[in-house]
1. Tell me, please, whether a residue that is without any contact (Cβ under 8 Å) to a residue 40 or more places away in the chain, of a type in the set (A, V, I, L, M) and either away from chain A (no Cβ under 13 Å) or open to solvent by less than 10 Å² (accessible area, probe 1.4 Å) (or both) can be found in segment B:121-128.
2. Quick check on segment B:152-172. Is at least one of its residues in a helix (DSSP H, G or I), closer than 24 Å to B:D119 by Cα and not basic (K, R)?
3. Identify, from the list A:S40, A:S79, A:S69, the residue that is within 25 Å of A:F127 (Cβ to Cβ) and within 14 Å of chain B (Cβ to nearest Cβ).
4. Which one of these is away from chain B (no Cβ under 14 Å), buried (at least 23 other Cβ atoms within 10 Å of the Cβ) and not β-branched (V, I, T): A:A96, A:A52?
5. Please identify the pairs in which a residue from segment A:1-19 that is within 18 Å of A:T189 (Cβ to Cβ) has its Cβ atom under 6 Å from the Cβ atom of a residue that is basic (K, R), counting only partners at least 6 apart or on another chain.
6. Kindly indicate whether B:D275 is charged (D, E, K, R) and in contact with a helix residue (DSSP H, G or I) (Cβ under 8 Å, 6 or more places away or on another chain).
7. Checking the condition closer than 30 Å to B:R60 by Cα and surrounded by fewer than 21 Cβ atoms within 10 Å (Cβ to Cβ), which residue from A:S102, A:S79, A:S69 passes?
Amino acid sequence: MKYFNDLADFSNEEIQALITLAARLDTNPEPEALRGKVLSLLFLSPSLRTLASFQAAMTRLGGGSFVISPEMSIHGIESRPGIVMDGAAAEHIREAIPVIASYGDAIGIRAFAERKNIDADMQENEFTSLTDLIDTPYINMESAMNHPCQSLADWKTLDDLNVPANGGKFVLSWAYHPRALPLAVPAATLHMAAKRGMDVTVLRPEGFELPQALMQKAISAAEAAGGSVTETDQRSEAMQGAHIIYAKSWSSTHHYGNKINDQKLREQHLDWCVDEPWFANAKDDCRFMHCLPVRRGVVVADEILDGPRSVVIAEARNRMLAQMAVLHQMLGGAS
Amino acid sequence: MKYFNDLADFSNEEIQALITLAARLDTNPEPEALRGKVLSLLFLSPSLRTLASFQAAMTRLGGGSFVISPEMSIHGIESRPGIVMDGAAAEHIREAIPVIASYGDAIGIRAFAERKNIDADMQENEFTSLTDLIDTPYINMESAMNHPCQSLADWKTLDDLNVPANGGKFVLSWAYHPRALPLAVPAATLHMAAKRGMDVTVLRPEGFELPQALMQKAISAAEAAGGSVTETDQRSEAMQGAHIIYAKSWSSTHHYGNKINDQKLREQHLDWCVDEPWFANAKDDCRFMHCLPVRRGVVVADEILDGPRSVVIAEARNRMLAQMAVLHQMLGGAS
Amino acid sequence: MKYFNDLADFSNEEIQALITLAARLDTNPEPEALRGKVLSLLFLSPSLRTLASFQAAMTRLGGGSFVISPEMSIHGIESRPGIVMDGAAAEHIREAIPVIASYGDAIGIRAFAERKNIDADMQENEFTSLTDLIDTPYINMESAMNHPCQSLADWKTLDDLNVPANGGKFVLSWAYHPRALPLAVPAATLHMAAKRGMDVTVLRPEGFELPQALMQKAISAAEAAGGSVTETDQRSEAMQGAHIIYAKSWSSTHHYGNKINDQKLREQHLDWCVDEPWFANAKDDCRFMHCLPVRRGVVVADEILDGPRSVVIAEARNRMLAQMAVLHQMLGGAS
């Protein structure tokens, strides 16, 4: 495995093999698998789970990592091509990225969407501008429109819960949040559930439709796997018989990059906070998923997070295990 | 060992076994003992020695660690129960702590006293609110009123110096400092010396008495071990025949949480700076201890820190060794 | 090896042995060589390559490291002797440095020049004030006037490129930069190329002459190795037949510590930006070297950095390999 950039690059069998490996590494540790191997970790966007879980993953496999982030060492890094660097920035990504990559056997890169222009973000212009600079194996630790590590972990969580693939009903629901957040997690989650073969419903208010290209990618994945993708703004209809509700806030795609109009629209939907009444016609044991961090009392009620429906901590722990499997395959641990 | 939270949880024999193990790991390294094991390090309060010594300890035992601190990744973490999180904080401790803990085989947590209400701090309300959220083995890296890693290291330092347990005279002295500092180190040090069976004198000006519950805990520990605990504001009386003076500044307990009144009181005691005349009637080889960091010329004179009485660097190095012993026992290194 | 502070402390044979070891560790990893060994990394000045490459180096050899920097844990550390510490600083280097060193088997220290007084900087007053406090083996990770890790890496890069030692022509050229930068890299580079036996030309405008003591040290090294050292402000004369141009900006030595006068002078030389015309009478395959970070369009044109002349990424990767060799010798890896 040279890149781990998008679940779509892997067959369902390959994904199942990664999940099986992740589970095996949990019960049968391999602290010699990656001895002396180094993972470079470049955080151009902030992180808690990703920062911690990748470092822990490398240690558990006998290797190590180092972290570079703008707060630490690369203030004002320049990314514009052809620029005369007579301002604040002392280094250009064209040097920084290859150098950081050269110290590792692989590199993880996190760079959120710019959220100015949806087409630029859909084309992953920024992330691609970074990975184009290197030959090293790399891992997408969240880009403008993808978060494959989260999705692999979530797939494992669904397996751990014995949620059926074909016939399983998965609701991806928008939720209120005071800020306009990136589309990476909803985009990756929608595709993951569809690729797993589930019947996926995107539940969102008008103005928060996901981009057509993302919907189409998910529909194709669902068709290949025996699932389906629909969307609605009707909560009760969406939740009917649901095995899973995966909540996440995201930007309005009607007002992408326009904070003021986005905010006006989202503030009409303060009631999109997942609480027990949402589950009225769901499966009795319908579970609540979220990638974290999550705002209590805003995105989801305490009663859900603190009750038996929530599997958010298990999801977060599966981040580490899923990444251990990816690193094990990528860096050549004996299998 | 599931928790390392308070020396009082361990018998003197158990403590001696840890110190023996610490010394053995110093001379006979075990770089395979904890291979592939991970220590999560959560610093809600700043650190130098603790930050460095825990990372070094895990590496020396063949494992690794990762560090999470507010400066890095968890700006404005929320801790109030039942809050609607529509402000700056993006994550609640109820998610953050279990997730961080889930990536490690054990977690170290540092959270200083709030220093608003002495009863809340004496009850360790904040630290307990964190450890109540997890099942993972944990280590107290300094809480409101405890610092067991410092105390275990200091006990080892006393052993290294051949200071007698029964019959050894230990002076814990308040010293001037421009800021109102936490009670954690004096509380832990008082109890440690008493539990070791020493004759302990708390030397402090009026207004800086340690809380009665701490005094009583120390008196009980001393009685069980054949030692004693007294307090005085008379320097010469306290230092008579002393083997050790352990200096530390702390808040006025009369004006706890009231910075202005605390400052008025402490500024009457600018002369509480340990210098050579303090040792006039102490043992000839009476040693100076301090947990560091220490303000030169304020808490203690250069002549003491730079002279043969000071053992502060040895104390700090024993932090690493003591923690290696704790980690070795906690994480199941072969013994 | 107890210290790695200056290439001048080592014979050319010792340096070649380190470079041979560096190359061997690249092709034949030794992930057990330094198992359980710890490198303390103290950054009193900022870093990207040094920060990343030392951490990666220790991991590749089976050990580990920890990082201490002012941003993290040691705000306002005091260094003045005899000071009464009643201000902001809570810790003095006389405690901090020995403690940090005590947790490692060796310590790397980075402390840039103060750039107030050139004599103080030439005498390495600050760096020496730190290393005088410790007995631990140490590595100079850049001091006021030296950067031996960069020089060892650069020497290896020259070997990798088959640039001749005797008879090879090396141009160290000043370049424009909006800020007055330290002399450490030009000082170390000049000496390295001279010690390698090359014919070295220092190309710089008037006012940017390197200090006489540095020139004399290089001349002595060149004489011993069969090389030469000259200086000029004539670009075409300097570049005649050059195998290598190593560009770097540095402070005016005429106006050292005087930012305003330095700036007036350097702004007369905005045209000192290395581009293809500089190479008119150089060897056809003359290469461009720089320690990074480098400002594009200011120090060097994009056409050079993005073209076949540039070896800056290889130089940066050699930092890690050179440091692995130093650490392997210093910390007793089996050879």
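The values are calculated or read from the model by the stated rules, or taken from the named source; none is laboratory data. This structure is a prediction, so every number in the text was calculated from the model and none was measured. With ideal geometry, Cβ positions are generated from the backbone for all residues, glycine too; neighbour counts draw on all protein chains shown. SASA here: full protein model, heavy atoms, side chains in, ligands and nucleic acids out. Shrake-Rupley method; radii C 1.70, N 1.55, O 1.52, S 1.80 Å.
1. No, there is no match, as no residue in segment B:121-128 is without any contact (Cβ under 8 Å) to a residue 40 or more places away in the chain, of a type in the set (A, V, I, L, M) and either away from chain A (no Cβ under 13 Å) or open to solvent by less than 10 Å² (accessible area, probe 1.4 Å) (or both).
2. No - not one qualifying residue is present in segment B:152-172.
3. A:S69
4. A:A96
5. Pairs that qualify, where the first residue is within 18 Å of A:T189 (Cβ to Cβ) and the partner is basic (K, R), are A:I19/A:K156.
6. Here the answer is yes, as B:D275 does meet what is asked.
7. So the residue among A:S102, A:S79, A:S69 that is closer than 30 Å to B:R60 by Cα and surrounded by fewer than 21 Cβ atoms within 10 Å (Cβ to Cβ) is A:S69.
Rundown of residues vs (1) in the same structural domain as C:E206 (by TED's automatic domain parsing); (2) over 26 Å from C:S47 (Cα atoms); (3) within 17 Å of the chain's Cα centre (by Cα), yes/no style:
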{"residue": "C:H254", "(1), (2), (3)": "yes, yes, no"}
{"residue": "C:K259", "(1), (2), (3)": "yes, no, no"}
{"residue": "C:R266", "(1), (2), (3)": "yes, no, no"}
{"residue": "C:H269", "(1), (2), (3)": "yes, yes, no"}
{"residue": "C:W272", "(1), (2), (3)": "yes, no, no"}
{"residue": "C:K283", "(1), (2), (3)": "yes, yes, no"}
{"residue": "C:H290", "(1), (2), (3)": "yes, no, yes"}
{"residue": "C:V294", "(1), (2), (3)": "yes, no, yes"}
{"residue": "C:V326", "(1), (2), (3)": "no, no, yes"}
